[in-house]
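Scroll down for the structure; my scribbles are underneath it.
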Amino acid sequence: MRRTSGRVVALVMAGMLALSACTGDSADETDGDVGTDTGADVGGAAEAVGSARAVTGSMAETTSDIPGDSGAGGTITLILRSVEVSEQTMTVRWATRWDSEDAEPDAAVSYYDLGLGTAASVVDPANLKAYRPFCTDGSWKGDATETVRCQSSMLTSARDAVFTKFPNHGTVEGWASLPAPEGNPTTVDVIPIEGLAGFTQADVTYLDGDS
C-alpha cells in the first residue's frame with residue numbers, strides 16, 4: 001500500500017462521486033444511507049464491533065503539519081489500522097495522534113479547531129465506486145439539510161466536529177461503518193478523516209471468506 005496526500009485521494013473521491021451521480025443507479029449503491037428502522041439494527045451492530053475488538057497493528061501512517069491558521073500548531077499523525085468487510089458492512093479503523101510542543105501537555109483540540117471533517121470516505125477506483133458511512137437520518141444524496149442530518153447520524157466513532165477532542169500527545173482510536181464494496185475489491189483508497197492525508201491501495205480483509 002502506498003501513502004499519498006489527502007488532496008490527491010480527495011480528488012479521486014470527488015471524481016467517483018460525480019461519475020456515480022451521472023450513472024443512475026450507482027448513486028444508490030455508493031452512499032451509506034439506511035432506513036430509520038433498519039438503521040437502528042445496523043447501528044447497534046456497528047457500535048458493538050467498533051468498541052469490542054482489540055485495536056492493534058498499523059497498515060500505514062502519515063503525519064501532516066497543522067495549518068497555521070488553525071492556531072493549534074504541531075502535527076497530526078493518522079494511522080490506518082484495518083479495512084474489514086463482513087456481510088454487508090465495511091469497517092474502517094484508524095488512530096489519530098496530535099502532537100504540539102507549544103501547547104500545554106493536557107491541552108485538547110477538536111476536529112473543528114483543526115479544520116477537519118468527521119465523515120470517512122472509501123473509494124474503489126477500479127470499479128468507479130465511492131462509499132460513505134451509514135446514516136440513520138437524512139441522505140448523502142439529498143440537499144444541504146438532508147446531508148447535515150445524515151452526517152449527524154453517521155455510524156462512526158466521531159460525529160460532532162466540535163465536541164470530539166484530540167488530547168495533546170494522546171492516541172485516539174476511531175472507526176466508521178460503511179456499505180460493503182461491490183465486486184469484492186482487494187484494495188481501496190481510504191480517507192478516514194476529511195482534511196488529512198489519505199491512503200491508497202489499502203488491503204481489504206474479508207472476514208467471511210468472500211475474497
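All of the numbers you see were taken from the coordinates with simple rules; none came from a lab. Because the structure is a prediction, the values reported are computed rather than measured. Using ideal geometry, Cβ is built from the backbone for each residue, glycine included, and neighbour counts are taken over all protein chains shown.
Ranked by the mean number of other Cβ atoms within 10 Å per residue, highest first, peptides 197-205, 103-111 order as 197-205, 103-111.
Given a Förster radius of 45 Å and the C-beta distance between His169 and Gln88 as r, what FRET efficiency does 1/(1 + (r/R0)^6) yield to the nearest 0.05? Spell out each step's value before the answer.
Working: r = 38 Å, r/R0 = 0.85.
Efficiency for this residue pair is about 0.75.
Label positions at Val148 and Tyr206, each projected 7 Å from the Cα along the C-beta direction, are separated by 4.1 nm.
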